[in-house]
Amino acid sequence: MNDRQTDTRIAVVTGAGSGIGRAVAVELLHAGWSVALAGRRVETLEETGAQVPEGAWIPVRTDVSQPQDVSALFAATAERFGRVDLLFNNAGINGPREVPVEELPYDAWRHVVDTNLNGAFLCAQAAYRQMKEQDPQGGRIINNGSISAHAPRPHSVAYTATKHALTGLTKSLSLDGRPYNIAVGQIDIGNAATDMTARMQTGALQANGSVAPEPVMDVADVARTVRHMAELPLEANVQFATVLATTMPYIGRG
């Protein structure tokens, strides 16, 4: 961990130990941001930070579904860096794969809701409190919504419900943030190449019941999009952005 002081912009990235969260954190660090890396496993957070030896970062073990963990995350960020300019609200889980609605255990449903929706709310709430009180006031929140915020995959009721809910959360946060110079937007991502989407290339269940491979895109393209959204002046906001593998079965009939 590099512990140098910086005067650059400060970001909190949740789910920073792998996948999209790691790619975004690395992109921001390369661009000179200071980043609080949040996730459940400190060792994977340290692996993320180690990819940018010159970067200013701290790893903070965080379960976003736990209010005390989220409070500790933002307290650690403010103590180390002095403020929060960006929250990339990224942490999320899929839940059981391809389980029909009638067979989905309640505990599995609750786990997805607690992580994807309640966790996003808790982090946004903590970011609001910090951004409202800091000087200069304000900051930006970017929620990771997913293509599932628009259209479901078969047997994905918990994940899809939480991602649709994130759209409502984004809109409400965006409205409520106006008096405090807090901009809130959402990025909806489809088939970025990560461990979570590896199965897409070998075969994914389609709406007609068939199983077919799907194209993926480089996760670095997602990271660059998030960085573009993050580095806009607070007077401008990308309310919703969709970035996806060009030929994935989303638009039209596939």
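Quick notes on this one:
- Residue check, V238 part of a loop (DSSP other than H, G, I, E, B), in contact (Cβ under 8 Å) with a residue 12 or more places away in the chain and closer than 29 Å to S174 by Cα: yes
- Of R227, R178, all but one fail to be crowded, with 17+ Cβ neighbours inside 10 Å and at pLDDT 95 or above; the exception is R227.
- Residues of region 126-146 that are part of a helix (DSSP H, G or I) and free of Cβ contacts under 8 Å to residues at least 12 places away in the same chain: E133 alone.
- Checking each residue of region 25-46 against the condition of being acidic (D, E) and crowded, with 19+ Cβ neighbours inside 10 Å gives at least one match.
- Here F88 does not fit the description of being buried (at least 22 other Cβ atoms within 10 Å of the Cβ) and over 20 Å from the mean Cα position of the chain (by Cα).
- If only residues of region 64-85 that are among the acidic types (D, E) and in contact with a strand residue (DSSP E or B) (Cβ under 9 Å, 6 or more places away or on another chain) are counted, the one that is surrounded by the fewest Cβ atoms within 10 Å (Cβ to Cβ) is D69.
- Entirely in region 1-116, the strands (runs of 3 or more DSSP E) that have 1 or more residues that are modelled with pLDDT of 95 or more and closer than 23 Å to D188 by Cβ: 10-14, 34-39, 86-89
Conditions (1) under 19 Å from A38 (Cβ atoms); (2) of a type in the set (D, E, K, R); (3) surrounded by fewer than 18 Cβ atoms within 10 Å (Cβ to Cβ); (4) over 18 Å from the mean Cα position of the chain (by Cα), marked per residue:
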{"position": "Q137", "(1), (2), (3), (4)": "no, no, yes, yes"}
{"position": "I142", "(1), (2), (3), (4)": "yes, no, no, no"}
{"position": "P154", "(1), (2), (3), (4)": "no, no, yes, yes"}
{"position": "A158", "(1), (2), (3), (4)": "no, no, no, no"}
{"position": "A161", "(1), (2), (3), (4)": "no, no, yes, no"}
{"position": "K171", "(1), (2), (3), (4)": "no, yes, yes, no"}
{"position": "A183", "(1), (2), (3), (4)": "no, no, no, no"}
{"position": "A192", "(1), (2), (3), (4)": "no, no, no, no"}
{"position": "A212", "(1), (2), (3), (4)": "no, no, yes, yes"}
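The values are calculated or read from the model by the stated rules, or taken from the named source; none is laboratory data. Since we're looking at a predicted model, the values are computed, not measured. Positions of Cβ are backbone-derived with ideal geometry, glycine not excepted, and every protein chain shown enters the neighbour counts.
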